[in-house]
Amino acid sequence: MSRLRAVVAALTLGTPFVATAADVTRVASSFEDEDPFGMFIDVGIEHSRRRTKIVREALPLETGGTRQYQSELWYKSFDTRLNMDVAFGIAQDVELSFGLPVVLFQDESWDYVSGTNASNSTIINNCVNANGTPITGCNPATGANAVPLFNVPAATYRGGALGNMRFGFAWSIFNQRKDETKPTWVVGLDYEAPTAPLLDPSVETTTEARGRAVGDRVHKYTVSTALSRQIGLAEPYFKMHYTVPVRGPGAWTNCNNPNTIPQNLGHPENCGLPGWDRKETGIQAPHVAGVMFGSEFQVLDQPTRKFKMDLRAISNYVSEGRYYNELSGTLRKLLATGDYVQIGGQLAVTAEISDILSVRGSGMFLYNTDHLLTDEKIGKDLDGNGSVDITGNPAELNPNFDYRTDFVSRRFFATESKDFRLDLTATLRF
C-alpha cells in the first residue's frame, strides 16, 4: 500500500489538487501544502435543440365524446451560447464560482406535421374568440370567415445578448484523496441572477429584427449534493439537485400587454382586479428536481496526459407552472404548462492535454414525457360560495384563460419531445 501511495504521489506531483476528482465532485481548493491556490477557468460553446410534436385534443360527438388528438405541428428550437465560468478556492476544499453566458442564437420554428395543412388544421379553421364567443358566420368545416390562432409556418429569432449570471458555492465535506476510507462528498448552492434583458413574448421577432431579450426575471436557487469514489480506473458518482424559482421585480405578466392584436387573453378587463394581481397573472417558473448517476473511466493515465470517458444517466422532474413554452412564441404569451419528466443520458470525453489544460466534449439526450402546453384554470372562487361564477360574478374569471386553447377539448399537448445538447469546453487549471 505504501508503494502504491508513492506512485500516486509521483504521478500527481505538481498538478492541481482536485485534478483526479470526477466532474460532478470537482472543487477548487486553496491553502494546500502542495498547491496554495486553486482555480479553474472554463470556456465553452454549447448548442441545444428541442424537437416536439404538438397535438390538440378533441371530444367529437360522433365518437361518443371519446378523447382524441389531432397532430398539428412540429416545433423546433435552437439555442447556441458561449459559457464562461471561473471557480477559485477560498479555503481547503471550499470554492466560489461565477459564470456568465452569452446567448448567440435562440431560434424557434413551427410547421405542419405530415398530413396536416391549412385546409384541415384546427389552428387555421378557428371559429371561437378568446372570450368564448363564436365568430359570426364562421364555418370550421369550410374555413369560411375563420380567424387563425396564428399563421403556419412561423418562426422567431432571438440572440446576441448576455444571459443570466451564475454564482456558486461548493464544499467538499469529504475528500477521498485526503482520506482513502471515505468517498468524495460535495454539497453546493448555486444562484442564477435575472440579469438578462426581459423577454416580452407579445413582441414578434424576425430575422431582420432579431430580439435581444432572452431573460425571465426569475431568481433560481439550486441546492445539490454529489458523491464519487475512485475504484481503480473507474470513478462512479451520484448527484441530486433541486431548483427553487423566485419571481423577481418586473417579471413578465401577460397583463402587461392585455390588448394584444389579435386578442390572446379571454378576459383582459380583469387584469389588476382583486385576486388577479401581477403575482396571480404573471410568470410561475417551474421547480426542477433531478438525479444523475454514472462513472468516469480512465482510458489513458500518464504523468502529464490523461484521457477519460464519462457515461451517465439523467432524470429530472419539471413541475407545472406558467412560463415560456413551445407555443408561447406563436400565441405571444406565457402559458400554463403541465408537469413532466425528463429521462436520458450523457456521454463525455475529457482529454487532459497538460497539467493546466484539458478539453471536454459531451453529448446529451433527454426524452420529455407528454404534457399540457395550454392549461389555464378558468378562474377561482373569490366570493367563497364554493364555485367559480362564470356569469354571475365575471370578476372571478382568470384574465389568462383563453377559450380557444385552455378549454377542455381545445387544449394543446407536447408529445414525442426530445432535447439534444452538444458541449465543448476548454479548462485551465491553476
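Observations, loosely collected:
- Set 210, 177, 166: member being touching a residue at least 40 places away in the same chain (Cβ under 8 Å), in contact with a Lys or Arg (Cβ under 7 Å, 6 or more places away or on another chain) and on the phi < 0 side of the Ramachandran plot: 210
- For residue 396: the one exception among (1) closer than 22 Å to residue 84 by Cα; (2) crowded, with 18+ Cβ neighbours inside 10 Å; (3) of a type in the set (Asp, Glu): (1)
- Residue match in segment 384-393 (condition: open to solvent by 20 Å² or more (accessible area, probe 1.4 Å), in contact (Cβ under 8 Å) with a residue 40 or more places away in the chain and either assigned to a loop (DSSP other than H, G, I, E, B) or not hydroxyl-bearing (Ser, Thr, Tyr) (or both)): no
- Flag if residue 193 is in contact with a strand residue (DSSP E or B) (Cβ under 6 Å, 6 or more places away or on another chain) and surrounded by fewer than 20 Cβ atoms within 10 Å (Cβ to Cβ): no
- Of the residues 369, 427, 350, the single one that is modelled with pLDDT of 95 or more, closer than 30 Å to residue 111 by Cα and β-branched (Val, Ile, Thr) is 369.
- Within segment 170-183, the set of residues being open to solvent by 60 Å² or more (accessible area, probe 1.4 Å) and either part of a loop (DSSP other than H, G, I, E, B) or within 16 Å of residue 231 (Cβ to Cβ) (or both) comprises 174, 177, 178, 180, 181, 182.
- Considering only residues in segment 134-163 that are assigned to a loop (DSSP other than H, G, I, E, B) and touching a residue at least 40 places away in the same chain (Cβ under 8 Å), the one that is farthest from residue 411 (Cα to Cα) turns out to be 160.
- Qualifying residue in segment 233-246 (condition: hydrophobic (A, V, I, L, M, F, W, C), open to solvent by 70 Å² or more (accessible area, probe 1.4 Å) and in contact with an Asp or Glu (Cβ under 8 Å, 6 or more places away or on another chain)): yes
- Filter result for residue 71 (more than 30 Å from residue 151 (Cβ to Cβ), in a strand (DSSP E or B), hydroxyl-bearing (Ser, Thr, Tyr) and modelled with pLDDT of 95 or more): no
- Cβ-Cβ under 7 Å pairs, at least 6 apart or on other chains, segment 320-339 side closer than 13 Å to residue 54 by Cα and modelled with pLDDT under 95, far side surrounded by fewer than 24 Cβ atoms within 10 Å (Cβ to Cβ) and of a type outside the set (D, E, K, R): none
- When we screen 167, 150 for residues that are under 25 Å from residue 89 (Cβ atoms) and surrounded by 13 or more Cβ atoms within 10 Å (Cβ to Cβ), the only hit is 167.
- Where residue 186 falls short, out of the listed (1) closer than 30 Å to residue 331 by Cβ; (2) touching a helix residue (DSSP H, G or I) at 6+ places or on another chain (Cβ under 7 Å); (3) outside any loop (DSSP other than H, G, I, E, B); (4) hydrophobic (A, V, I, L, M, F, W, C): (1)
- So residue 251, is it modelled with pLDDT of 95 or more and open to solvent by less than 10 Å² (accessible area, probe 1.4 Å): yes
- Among the strands (runs of 3 or more DSSP E) confined to segment 297-374, there are none with at least 3 residues that are open to solvent by 30 Å² or more (accessible area, probe 1.4 Å), within 20 Å of residue 43 (Cα to Cα) and of a type in the set (Ser, Thr, Tyr).
- Residue check for residue 202: among the small types (Gly, Ala, Ser) and not in a strand (DSSP E or B): yes
- Selection count where residues are loosely packed, with under 14 Cβ neighbours inside 10 Å and either of a type outside the set (A, V, I, L, M) or over 26 Å from residue 123 (Cα atoms) (or both), scope segment 399-422: 1
- Members of segment 259-271 found to be open to solvent by 30 Å² or more (accessible area, probe 1.4 Å) and either assigned to a loop (DSSP other than H, G, I, E, B) or among the small types (Gly, Ala, Ser) (or both), listed by number: 259, 261, 262, 263, 271
- Some residue of segment 78-85 being more than 30 Å from residue 154 (Cβ to Cβ) and not hydroxyl-bearing (Ser, Thr, Tyr): yes
The values are calculated or read from the model by the stated rules, or taken from the named source; none is laboratory data. Remember, it's a predicted structure, so these values are computed and weren't measured experimentally. Every residue, glycine as well, gets a Cβ built from its backbone with ideal geometry; the counts of neighbours run over all protein chains shown. These area figures cover heavy atoms from the full protein model, side chains too; ligands, DNA and RNA do not enter into them. Shrake-Rupley method; radii C 1.70, N 1.55, O 1.52, S 1.80 Å.
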